[in-house]
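So the structure is just underneath, and the comments pick up after that.
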């Protein structure tokens, strides 16, 4: 009798593993704008601590002619911390704007040489992040410029 019980339990396990419903593709939902809570600061709905952490990674948007042309293609340029990684930048963009970016490219530029009288020096080395947003999503970073 125990042989028949084992066979029945295997059939039940096989039936349980079969999916009953179609699982939706998570990647499509990943790039949509997420609605956040109401009792948080700002219209974007982020907590104060999250906002401080995001501003440590992303310092400011770079407003230039090249950046304006790229914004028509849903690409935006930000000055970022030199130790920031693509993962940290992705999380900071989501915390600030509520959208996950599709691609992030980081560019480390060379220091610019400066003369102050007889003293030679270097300016701080800027690090840029070119952030590509999902198709059709624009960020309002050029308002008031």
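Throughout, read-outs are computed from the coordinates displayed, never taken from laboratory work. Given the structure is predicted, the values throughout are model-derived calculations rather than measurements. We place every Cβ from the backbone using ideal geometry, glycine too, and count neighbours over all the protein chains shown.
Brief remarks on what is shown
- Residues that are exposed (fewer than 13 other Cβ atoms within 10 Å of the Cβ) and out of contact with any strand residue (DSSP E or B) (no Cβ under 6 Å at 6 or more places or on another chain) number at least 2 in the following strands (runs of 3 or more DSSP E) confined to region 59-145: 113-116, 119-122.
- Condition met for residue 73 (free of Cβ contacts under 8 Å to residues at least 60 places away in the same chain and over 17 Å from residue 54 (Cα atoms)): yes
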